[in-house]
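Report on the structure given below.
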Amino acid sequence: MFGTCRGIMTLIFIAIAGLTLLPSPLGPAEADPAGLVIRVAGGEIHVTLPDEPMKVSSEDLLHWVRSAARAVAHYYGHFPVPHLTLQIRAGRRNGVNHGVTYAKGGGLINVTVGAGAGVDALKDDWVLTHEMIHLAFPSMAENHHWIEEGISTYVEPVARAQVGQLPAAEVWKQFIRDMPQGEPDSGDQGLDQTPTWGRTYWGGAMFCLVADVQIRQQTRNRKGLQDSLRAILEHGGVITEDWDIDRTLAIGDRATGTHVLQSLYQEMRDKPAPVDLEQLWRKLGVALENGEVVFNDQAADAAIRKAIVSPAH
């Protein structure tokens, strides 16, 4: 299962924002007849809304679900699993404050939304997108949990930026601010053997960022990590499948014609392998000055920076 760091209703079907809700047999999700079914390219999401009174409306919650699903479906080419059960629960804290993803039933996400949370909290939320991304990668052994969380941490803002839900500057602001939390500390034994919060989430995200940049450097920016992750998904690598990490990375590398994922894993799996983030930011042409992101489009890898968040796919 995966977690983030940070009522009975009538079945209805509507069409909105490119994601379709249409009448169809419920199939495996008939076990939850009190929910709503959102159809998205490649799958459907069976949503159960809270029984408790909420500040936001039911349609606000459904729009939030559609937005997260749209970002994930765009990044991967389609929604990762054919059937997702999404249980939205009311919480005491404001905002979206907890989410967990399970392989059960082909995909199950439990997420908590504060009863007093407003529409802006849903609009700014990253939790649901993070959790949905977990569906698009196979389950790993315990010591490889960092790659599962790292992918969700890295892909979430990128996917949201690609569909216009997050400004590109905000993606890089988050990365510059938070990525250093993934650097190894004293006594670090590599990503496989250092299961701290920082190394699991941001160490994994740092692996993804470096891999994305290296793939693009080696392919003249024609391929990126997105191509690797799409290939893993297309080979059946979803949360319900238990895969070996070596097999998984090999599939990802074949999709880009490189050995970046496998080589980088060998470098970072059992030794600290710090990343010179300051040099990386300079080459990408991005900096944080007085809390604001500044871009340098003359930097060596500025085109790579732009391509990572580009909606071209």
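For the residues ASP212, ASP242, ASP253, the requirement of being within 24 Å of HIS130 (Cβ to Cβ), surrounded by 15 or more Cβ atoms within 10 Å (Cβ to Cβ) and among the acidic types (Asp, Glu) singles out ASP212. Any chance region 97-106 includes a residue that's polar (S, T, N, Q), on the phi < 0 side of the Ramachandran plot, at pLDDT 95 or above and in contact with a helix residue (DSSP H, G or I) (Cβ under 8 Å, 6 or more places away or on another chain)? Yes, region 97-106 contains at least one residue that is polar (S, T, N, Q), on the phi < 0 side of the Ramachandran plot, at pLDDT 95 or above and in contact with a helix residue (DSSP H, G or I) (Cβ under 8 Å, 6 or more places away or on another chain). Out of VAL100, VAL72, VAL81, VAL56, I need the residue that is of a type outside the set (Ser, Thr, Tyr) and assigned to a helix (DSSP H, G or I). Which one? VAL72 is the lone residue from the list that is of a type outside the set (Ser, Thr, Tyr) and assigned to a helix (DSSP H, G or I).
Here is a yes/no grid of residues against (1) aliphatic (A, V, I, L, M); (2) modelled with pLDDT of 95 or more:
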residue: MET1; (1), (2): yes, no
residue: THR4; (1), (2): no, no
residue: THR10; (1), (2): no, no
residue: GLY27; (1), (2): no, no
residue: GLY35; (1), (2): no, no
residue: SER58; (1), (2): no, yes
residue: ALA71; (1), (2): yes, yes
residue: GLY77; (1), (2): no, yes
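Residues that are over 28 Å from GLY164 (Cα atoms) number at least 3 in the following helices (runs of 4 or more DSSP H) confined to region 253-313: 260-268.
Looking at region 164-173, which of its residues are out of contact with any Ser or Thr (no Cβ under 8 Å at 6 or more places or on another chain) and over 19 Å from ASP297 (Cα atoms)? Of everything in region 164-173, those that are out of contact with any Ser or Thr (no Cβ under 8 Å at 6 or more places or on another chain) and over 19 Å from ASP297 (Cα atoms) turn out to be GLY164, LEU166.
Being under 27 Å from HIS145 (Cα atoms) and either touching a helix residue (DSSP H, G or I) at 6+ places or on another chain (Cβ under 9 Å) or surrounded by fewer than 19 Cβ atoms within 10 Å (Cβ to Cβ) (or both) holds for only one residue in ASP120, ASP124, and it is ASP124.
Can you tell me which residues in region 67-80 are touching a strand residue (DSSP E or B) at 6+ places or on another chain (Cβ under 8 Å) and crowded, with 21+ Cβ neighbours inside 10 Å? Scanning region 67-80 gives ALA69, ARG70, ALA73, PHE79, PRO80.
Would you say HIS63 is part of a helix (DSSP H, G or I), out of contact with any Cys (no Cβ under 7 Å at 6 or more places or on another chain) and surrounded by fewer than 22 Cβ atoms within 10 Å (Cβ to Cβ)? Here the answer is yes, as HIS63 does meet what is asked. Would you check if VAL238 is within 22 Å of ALA159 (Cβ to Cβ), of a type outside the set (D, E, K, R), in contact with a Leu (Cβ under 8 Å, 6 or more places away or on another chain) and not in a helix (DSSP H, G or I)? Considered against the rule, which asks whether it is within 22 Å of ALA159 (Cβ to Cβ), of a type outside the set (D, E, K, R), in contact with a Leu (Cβ under 8 Å, 6 or more places away or on another chain) and not in a helix (DSSP H, G or I), VAL238 comes out as yes.
Residues in region 103-139 that are part of a strand (DSSP E or B) and closer than 15 Å to LEU84 by Cα: 4 in all.
Looking for something among the polar types (S, T, N, Q) and surrounded by fewer than 20 Cβ atoms within 10 Å (Cβ to Cβ) - is there at least one such residue anywhere in region 273-287? Yes: region 273-287 contains one or more residues that are among the polar types (S, T, N, Q) and surrounded by fewer than 20 Cβ atoms within 10 Å (Cβ to Cβ).
Set side by side, the residues GLY204, GLY182 differ, and just one is buried (at least 19 other Cβ atoms within 10 Å of the Cβ) and more than 15 Å from the chain's Cα centre (by Cα), which is GLY182.
The values are calculated or read from the model by the stated rules, or taken from the named source; none is laboratory data. Here the structure is a predicted model, which is why all the values come from computation and not from measurement. All Cβ positions, even for glycine, are placed from backbone atoms using ideal geometry, and neighbour counts span all protein chains on display.
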